[in-house]
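Working notes for the structure below.
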Amino acid sequence: MEQRPFFYKIFNELTEKKLKIPLQFVKDFLKEVPKRTVLEGPSGGPWCVKVIKTAEGDVFLGDGWQKFVEDNLLHVYNFLLFGYDRGARCFTVQIFEQSGLERDYTSAPTTHQDVANSSGIKNLDPHSRRSGQSTKDSAVIQEKAKSFCSQHPFFELLIKRYNVGPPFLMFIPKWFAEEHFQMAKTKIRLKNSEGKAWEVNCTVNSGSLVFVGGLSRFVRDNELKVGNVCIFELVAEKVLQVHIF
């Protein structure tokens, strides 16, 4: 699995309404700057955030960032670690207190004072905790998925909140889309192991092919959850067999 690039920011008054992404990070990993991105934080999510690029080339998280700040009770001197998923074009945000300990939401803090007084260290994978799976269960699922093999081309996705809840987005890895599909609006059929099929609309977003309309029905009918692993196998033209782990 490809290693994620990271950058960090220390939260202060200047980052309350918008957050600047380091220029070197933009040059190395955001050569095609998306108009929007998705944030996942320790309290859940997702948060849809507008990405702003200035005439000078600076890139900021804009509209939607303040909502993330409020919902996650950020305060001055919080240390924020952003991990970027290049395939899904989203960020996972880890929050650390001034003490150096990672923010623990298992005690469900409700005020800034509760957060400031919290000193627990989380020891569960965030995707596993939100889906009700243990770290051990998540590891078993991913190990089963790794054993999959086929004569047909396929790609693998670890299911996240924005895949199975609003805004219901699922990104086809760019390398797979460019090799097997035309980079244009189209319809793709998703089939489950029982042979039932769902037609899903695809659109192009900042150079990536994205499942949009119709995805929520597929998610609901197949009871997809955060932490599942899906393998999408191209078995015919614009037909993907979906193996759910």
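Listing for the model above:
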{"item": "Residue within the range 161-176 that is out of contact with any Cys (no Cβ under 9 Å at 6 or more places or on another chain), in a strand (DSSP E or B), surrounded by fewer than 17 Cβ atoms within 10 Å (Cβ to Cβ) and not assigned by TED's automatic domain parsing to the domain that holds Thr92 present", "result": "no"}
{"item": "Subset of the range 1-52 [among the acidic types (Asp, Glu) and more than 21 Å from Glu97 (Cα to Cα)]", "result": "Glu2, Asp28, Glu32"}
{"item": "Residues of the range 12-51 classified as among the aliphatic types (A, V, I, L, M) and modelled with pLDDT of 90 or more, total", "result": "7"}
{"item": "Among residues of the range 66-102, those that are in contact with a Gly (Cβ under 8 Å, 6 or more places away or on another chain) and free of Cβ contacts under 8 Å to residues at least 24 places away in the same chain, counted", "result": "1"}
{"item": "For Arg220: the one exception among (1) out of contact with any strand residue (DSSP E or B) (no Cβ under 7 Å at 6 or more places or on another chain); (2) modelled with pLDDT of 85 or more; (3) within 29 Å of Gln3 (Cβ to Cβ)", "result": "(3)"}
{"item": "Residue count for the range 1-28, restricted to those that are among the aromatic types (Phe, Trp, Tyr) and either loosely packed, with under 15 Cβ neighbours inside 10 Å or more than 22 Å from the chain's Cα centre (by Cα) (or both)", "result": "2"}
{"item": "Considering residues of the range 178-226 that are assigned to a loop (DSSP other than H, G, I, E, B) and of a type in the set (Asp, Glu) only, the residue farthest from Leu30 (Cα to Cα)", "result": "Glu194"}
{"item": "Enumeration of residues in the range 13-37 that are of a type in the set (Lys, Arg) and touching a Lys or Arg at 6+ places or on another chain (Cβ under 9 Å)", "result": "Lys20, Lys35, Arg36"}
{"item": "From the options Lys187, Lys196, Lys191, residue that is in contact (Cβ under 8 Å) with a residue 12 or more places away in the chain and surrounded by 14 or more Cβ atoms within 10 Å (Cβ to Cβ)", "result": "Lys191"}
{"item": "Condition check for Glu233: charged (D, E, K, R) and in contact with a strand residue (DSSP E or B) (Cβ under 6 Å, 6 or more places away or on another chain)", "result": "yes"}
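The values are calculated or read from the model by the stated rules, or taken from the named source; none is laboratory data. All figures in this text were calculated on a predicted structure; none of them were measured in a lab. Don't worry about glycine lacking a Cβ; one is built from the backbone with ideal geometry, like all the others, and counts go over all protein chains shown.
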